[in-house]
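Down below is the structure, laid out as structure tokens.
Read-outs: derived from the displayed coordinates by stated rules, not from any lab. Predicted model only: the values in this text are computed from it and were never measured.
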């Protein structure tokens with residue numbers, strides 16, 4: 001059985017008010033660093049992961065490094081965990097996009113699986129990348145615990161695959177900064193979800 005501990009990077013600027021961050025390099029804020037440390041303490045205190053895989057974005061690398069160091073293991077980058085490419089929408093606020101491209105923005109909110117971001121990716125592209133990450137984990141860590149550090153959109157795509165849900169259900173899954181989900185996958189491919197987006201370890205961090 002493979003156990004996946006799925007988490008998102010810590011807090012960065014551009015989450016509130018919301019921007020399409022995507023491939024923009026954003027450092028963790030002081031709050032984000034505190035969240036990463038709290039996440040690392042929780043993981044190290046309960047599990048013994050054998051590997052940490054992160055997106056290539058620095059906000060994920062730093063979060064994953066905190067976890068890996070506390071667990072006494074190394075963290076590696078996996079390209080499949082990279083954030084979605086928002087193309088022309090990158091670093092625009094949601095309000096700006098809603099005003100300038102109301103039909104496309106409405107589609108993103110109501111039927112996200114039907115949209116391709118102008119000059120960027122679609123959710124189907126993200127699913128293909130994240131499926132590669134899942135295959136790697138299952139092939140190389142068949143009876144181990146692995147930590148995956150990704151992004152809001154990427155983690156939703158991973159969870160939808162694991163839960164056998166359609167991409168149209170994208171907005172039904174919340175992924176908060178440094179929230180933690182536990183998923184177990186048997187050798188036969190049976191999936192059991194222990195918990196989703198648990199943030200209890202972040203209590204008291206402002």
Discussion item. Given an 8 Å cut-off on Cα distances and at least 6 residues of separation, report the relative contact order of the chain as a percent.
Written reply: 33 percent
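Could you check how many percent of all C-alpha pairs in the chain are farther apart than 32 Å? Walk me through the intermediate numbers first.
Values: 2765 of 21115 pairs.
Roughly 13 percent, once rounded to a whole number.
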Worksheet, complete the sentence: A chain fully extended from residue 74 to residue 106 at 0.36 nm per residue, minus the present Cα-Cα distance, gains in nm 7.4 nm
Practice prompt. Could you let me know the centre-to-centre spacing of segment 1-60 and segment 88-119, using Cα atoms, in angstrom?
Written response: 25 Å
Response to the item:
With -39,500 (n - 2.57) per DSSP H segment of 4 or more residues and division by the full residue count of the chain, the 222 nm estimate, nearest 500 deg cm²/dmol, is -11500 deg cm²/dmol
Fill in: C-alpha long axis of helix 58-71 to longest principal axis of the chain, angle in °
10 degrees
Worksheet entry | DSSP-defined beta bridges in segment 47-170 - what % are antiparallel, rounded to 5 | 10 percent
Worksheet entry | For segment 172-205 versus segment 125-155, the gap between their alpha-carbon centres in whole angstrom | 13 Å
Response to the item:
With bins of 10 Å, the percent of all Cα-Cα pairs of segment 99-206 per bin from 0 is 12, 40, 31, 14, 2
Fill in: Rg over Rh [alpha-carbon atoms, Kirkwood Rh] for segment 1-88
0.98
Worksheet entry | segment 78-118: proportion of alpha-carbon pairs further apart than 11 angstrom, % | 67 percent
Practice prompt. Enter the mean projected area of the convex hull around the alpha-carbon atoms of segment 149-206, in nm², rounded to one decimal.
Written response: 4.6 nm²
Worksheet item: So how long is each side of segment 48-160 along the principal axes, counting just the alpha-carbon atoms, biggest first, in Å?
Response: 48, 25, 19
